[in-house]
Each structure stands twice: as C-alpha cells, then as structure tokens.
1. At q = 0.23, 0.25, 0.26 Å⁻¹, what base-10 log of I(q)/I(0) does the Debye formula yield for region 161-208 when every alpha carbon is treated as an equal point scatterer in vacuo?
2. In nm, to one decimal, how far is the modelled label at ILE107 from the one at TYR176, with both set 7 Å along Cα→Cβ?
3. Against the empirical 2.2 N^0.38 Å scaling, what ratio does the C-alpha Rg of region 184-237 come to?
4. Taking K and R as +1 and D and E as -1, what net charge do the other residues with C-beta under 13 Å from the C-beta of ASN75 add up to?
5. Calculate, for region 45-170, the solvent-accessible area per residue in square angstrom, rolling a 1.4 angstrom probe over the heavy atoms of the protein chains.
6. Taking springs between alpha-carbon atoms closer than 10 angstrom, which of GLY21, GLY138, GLY218 fluctuates most in the Gaussian network model of the chain?
7. Highest GNM mean-square fluctuation, the chain, Cα pairs closer than 10 Å: which of PHE134, PHE118, PHE27?
8. I need the fraction of alpha carbon pairs in region 52-113 separated by more than 17 Å, rounded to a whole percent.
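The values are calculated or read from the model by the stated rules, or taken from the named source; none is laboratory data. This structure is a prediction, so every number in the text was calculated from the model and none was measured. Neighbour counts are summed over all protein chains in view; Cβ atoms, including those assigned to glycine, are modelled from backbone coordinates with ideal geometry. Ligands, DNA and RNA are excluded from the accessible area calculation, which covers all protein heavy atoms including side chains. Shrake-Rupley method; radii C 1.70, N 1.55, O 1.52, S 1.80 Å.
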Amino acid sequence: SMKTSAFITSILSNYVSVKLGFTYEYFKFEQTVVVDSISTLFEDFNSYGNLFIKLSADTRDKPYFATSGFNAEYNAKYATVFSKGWAGEIFTNSLIMYLNINSFVPINEKLTLKPGIFAGWTFRQKIPPIQHWFGVGGINEINYVSSFVPFTGVAFVQKNGFYSGVARLHLQYNVYKKFYLTFKSDFGAVETTTEDLIDPANTLFGYGVTASYDSFIGPVEFSVMGSNVNSGPSVAL
C-alpha cells in the first residue's frame, strides 16, 4: 500500500492542533490469516483519495505508559474512488467520522486507570472504500489504517463494518521500574447497520492481561487474552 498526504496544520496551543489536507491512496487489502472471506475479493490495488480534517489533543505525561492526562482525536474525511474498474463500481464516495478518546487517571504511584471510547459513523450511499471501514481486533495501538481499533482477545480486523462503538477500561500497574502489568477489558460492536450495532446480541467482550517492559526501542510485551467470539485463551508477543 502507498499513501501520500498534503496538509496544513494549525497549532492552537501546546496540546491542541488542527490538520486539514488531502490524501492519495494506492491500496489493496490483504489478510495473512483470512478471517473474513468477503475481504479477499478486494485484494487488488486501486486508487483512492480523501479530504480530511483532524482535531487532536494530547496532555499525556509520556507517550508510553502514561500516568496522567488524555489524548483525543476527532477525524472527518470524505473518501473518494479514483479507479474506474471494479472498485469504482462497488465502492461509493462516503463521509466517515470518528472520535477516539483515551484518559489516564492516577490512582496512586503504582496504579493508573485507563478508560477510553471510540465512536465511528459512516454517511454513505452504498459501500465506502474498504480501508475506510471500521475494524476491531489486535492489540497494536498504532495501525496503518486509523479507523482500525485494537480490541483485546479479537484477531486483527476480525470484525468490520460501517459503524463502530467501543469502550475500554484498562488498569496499569507499575510492578518495578520499567516493568508493567496491564489488565484489560474491552466492550463494543462494529456492524454494517445501526440496527445491528445497538443489538445486544452483537456485543463484543474482550479481556486479558499484558506484561510489558518499557525498553529504549519502545514497549516489549507479552499478552494472554480471550473474548466471547474466540474459544479459549490466546497469546501475543
């Protein structure tokens, strides 16, 4: 995949910024482990573009294992399809918006409560480009596609759709110096209709614990986790 962006940024304060721009994408969706057979139809490169505006705020005391502050992002983008082949026939221009907020609340010197929410909405005629769908799964906090949300106990993009709502409640414990344990619980849903999104039968629940070391190259982690959509516990490095 290739992505090129041109944008302007306005710094509103030390903690808040606004970015306005355009992104060109040469993109194909490929799954190393196929968890959604429909998505295999889109394993072909096509051209896309989107206009976007992003409002960001970050008051965390540090980028990894923060103990106070919050980070938040509101993103609105108008996604368009440039290719005239099957992508142009299947996908339609769509307005996609999401809000992602994560807080870090100190309980004491060792414990930090980490609540968070993600809410995403799509205004569309038919089907938006697949890279602008909302997806949940995996535990990596940084994804190439910003609308893919980590979800404990669920495989990367195991569930996707046009609407998403996720709530997180994690508890971070500083065991000793740069060693941490994080107890995780995630709730939510991602669906292709609003009716399915609010249906309790479609609610996802994930849980787990992650052992971390805050190394000079970033966190090194080992996780044990599970969910109501996958049988048995799984591990991840």
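1. -0.77, -0.84, -0.88
2. Taking the simple label geometry, ILE107 and TYR176 are separated by 2.1 nm.
3. Normalised Cα radius of gyration, region 184-237: 1.49.
4. +2
5. 45 Å²
6. GLY218
7. Looking only at PHE134, PHE118, PHE27, the largest GNM fluctuation is found for PHE27.
8. 58 percent
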